[in-house]
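Student: Please read through the structure below; I'll follow up with questions.
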Amino acid sequence: MSSPSASPKPTDDQLVAAALRDAAAFGPLIERYEQPLLHFILRSTDVTLEAAQDLLQESFLKIWRYLNAFDGTLSFKNWAYRLTRQVIISAHRAAQTRGQHQTVSVPDLSLFDLPDSTDLPSQTDTTARAQTVRQALQTLPPAQRQALVLHYFENLSYSEISDILQRPPGTIATLLHRAKATLRPQLTHLQLP
Amino acid sequence: MTTSPLRDQILHRIESESVSPIPRWHFTVKRAAYWLMFGLALLVGAQAVSLLIFHLSDGPFGLLREVTFFRPGLWLRSIPLIWLGAVVVSTLLGVWGLHTTPRGYRFPWWQLTLINLTLSGLLGVTLWGMGVAQWADDRLEATSSQYQSVSRQLRQLSRDRDVQVLEGTLTESPDPTVFSLQSGTGPSVTIDIQPDQLLVPLPSTLRSSPDDSMIVIGTMGENYFQPRLIIPRDQLSDRLYQRLRHRIEGRFPPRRPNTPHRPHRKPKKTLPASPQPLN
């Protein structure tokens with residue numbers, strides 16, 4: 001009998017098939033994508049951590065309800081990002097209707113640490129840079145911001161972003177180009193790569 | 001092993017609120033509906049294209065062939081606009097239907113529009129070639145009193161034996177609707193233009209270029225000539241102009257008497273006699 005550590009991790013497709021038979025099997029999928037989706041929500045919206053967690057919960061419930069729509073043409077990860085984005089858009093519209101606007105709390109700024117943050121002289125500088133990047137990101141239209149977050153923070157390809165945002169790959173390239181052009185003057189002093 | 005609080009919360013909600021996945025057939029039906037919408041939009045678009053071609057090419061004057069191509073105002077005004085609208089609406093619906101198919105979002109809108117228009121065009125030409133457009137036009141006219149295209153009115157006009165064709169320059173009179181048509185050295189004819197009687201709007205060159213030659217098609221009333229169609233000479237191809245000249249000069253070829261349509265029948269083949277048994 002092999003030890004549990006030696007057993008191969010089930011694939012997403014296997015977990016989805018298992019979840020459709022038994023709801024408890026949906027748990028591993030939640031654990032697997034909890035952090036990436038939470039980061040995606042926080043980076044592409046202006047909501048507080050609590051509100052982001054609520055959105056995350058709504059996203060997983062939507063994923064659960066739409067589980068039969070997952071047909072394997074996309075990877076589960078990209079499909080989950082797509083549904084999460086739809087939840088974000090719905091929440092944004094609902095908030096606009098109610099006239100509410102929630103801002104991010106300060107501890108969440110660490111989510112915007114840049115990959116080379118360890119090279120910076122101090123944590124204060126890191127926080128300041130994160131603050132600057134976040135403020136700059138807030139100036140972007142939602143589609144440009146989401147494309148930027150998915151490409152530079154989640155390391156997704158144009159094709160994958162196209163599947164998530166449901167726009168042609170050419171449009172994704174345009175969105176990224178425009179986003180960078182908008183951010184460049186604001187972030188020049190940070191000497192980003 | 002510890003589990004994440006979020007996992008427990010979600011699984012608890014799923015259980016307590018009895019949230020279950022939407023059945024697979026729901027998504028299958030939804031996808032099929034989008035494809036069906038695309039297919040229907042394509043068919044409607046193709047039929048509209050075939051009717052447009054029919055009206056442009058099979059009209060009394062064969063407008064598509066006859067009217068100078070770079071002056072498309074006349075033939076654009078002579079087609080039933082409902083079919084042009086149908087092409088636009090069906091294209092929009094078809095593009096939306098394609099966009100909502102599983103990978104439709106990967107194509108830009110202009111490509112989807114081009115795909116839709118190309119398919120509608122190809123299918124439309126096929127339907128026109130098969131005679132479906134004429135059949136549909138006849139059926140529409142038979143079933144709806146409202147449906148009478150400019151093209152069809154032109155056709156009726158061309159069949160009317162009382163219709164006359166005049167040519168000359170139009171000069172205004174004190175009355176803005178009454179013109180005087182001067183043709184060469186002949187006597188001038190008074191033209192009473194009633195806008196609601198015209199099949200297509202009055203050409204803008206009528207007043208801007210009064211020396212331009214005009215073709216006036218209409219009927220002679222008690223005192224005035226009442227036009228149904230006024231076309232600037234330079235908007236007509238030479239071929240159509242020559243055909244109209246036949247009427248102007250009274251040399252219009254007599255019509256052939258109506259003969260019933262006789263389908264071509266092959267002579268019956270006589271079967272060879274069955275072989276007789278040899279006794």
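Student: Can you list the residues of the range A:47-76 with backbone N under 20 Å from a point 7 Å past the Cα of A:Asp22, pointing along Cα to Cβ?
Tutor: Hits in the range A:47-76 for A:Asp22 at 20 Å: A:64-65, A:67-68.
Student: How large is ³J(HN,Hα) for each residue in the range B:120-134, as worked out from phi by the Karplus curve 6.51 cos²θ - 1.76 cosθ + 1.60 (θ = phi - 60°), to whole Hz, x for Gly and Pro?
Tutor: Here the 3J(HN,Hα) series is 4, x, 5, 5, x, 4, 4, 4, 4, x, 7, x, 5, 5, 5 Hz.
Student: Between A:Gln57 and B:Thr143, how high is the FRET efficiency from 1/(1 + (r/R0)^6) when r is the Cβ-Cβ distance and R₀ = 60 Å? Nearest 0.05. Kindly include the intermediate steps, with their values, before the conclusion.
Tutor: Details: r = 58 Å, r/R0 = 0.96.
Between A:Gln57 and B:Thr143 the formula returns 0.55.
Student: Label points 7 Å out from Cα along the Cβ direction at A:Glu50 and B:Leu119: separation in nm?
Tutor: Calculated label separation equals 5.1 nm.
Student: Shifting gears a bit: Dipole size in debye (nearest 20) for the range A:119-187 around its Cα centre, Lys and Arg Cβ +1, Asp and Glu Cβ -1? Please list the in-between numbers first.
Tutor: On the way: 7 positive and 5 negative charges, 64 e Å.
Dipole magnitude for the range A:119-187 comes out near 300 debye.
Student: Using 1/(1 + (r/R0)^6) with R0 = 41 angstrom and r between the beta carbons of A:Ala128 and B:Leu81, what's the FRET efficiency to the nearest 0.05?
Tutor: Values: r = 63 Å, r/R0 = 1.54.
With R0 = 41 Å, the Cβ-Cβ based efficiency is 0.05.
Student: Using θ = phi - 60° and the Karplus relation 6.51 cos²θ - 1.76 cosθ + 1.60, list the HN-Hα couplings for the range B:228-233 in order, rounded to whole Hz, with x at every Gly or Pro.
Tutor: The phi angles translate into 10, 8, 10, 10, x, 4 Hz.
Student: Between A:Gln186 and B:Ser209, with labels modelled 7 Å along Cα→Cβ, what's the label distance in nm to one decimal, could you check?
Tutor: 5.7
Student: Additional query: Provide the per-residue ³J(HN,Hα) series for the range A:157-166, in order, calculated from phi with Karplus coefficients 6.51, -1.76, 1.60 and θ = phi - 60°, each as a whole number of Hz, with x at glycine and proline positions.
Tutor: Values per residue, Gly and Pro as x: 7, 4, 5, 5, 5, 4, 5, 7, 7, 6 Hz.
Student: How high is the relative contact order of the range A:10-106, given as a whole-number percent (alpha carbon pairs under 8 Å, six or more residues apart)? Kindly include the intermediate steps, with their values, before the conclusion.
Tutor: Numbers: 66 pairs, mean separation 31.1, N = 97.
Relative CO of the range A:10-106 lands at 32 percent.
Student: Taking the Cα centre as origin and putting +1 on Lys and Arg beta-carbons and -1 on Asp and Glu beta-carbons, what dipole magnitude results for the range A:10-106, to the nearest 20 debye?
Tutor: Numbers: 10 positive and 10 negative charges, 63 e Å.
For this selection, approximately 300 debye.
Laboratory data are not the source of any read-out in this text; all were calculated from the coordinates shown. Every value quoted in this text rests on a predicted model; they were computed, and no experiment measured them. Neighbour counts are summed over all protein chains in view; Cβ atoms, including those assigned to glycine, are modelled from backbone coordinates with ideal geometry.
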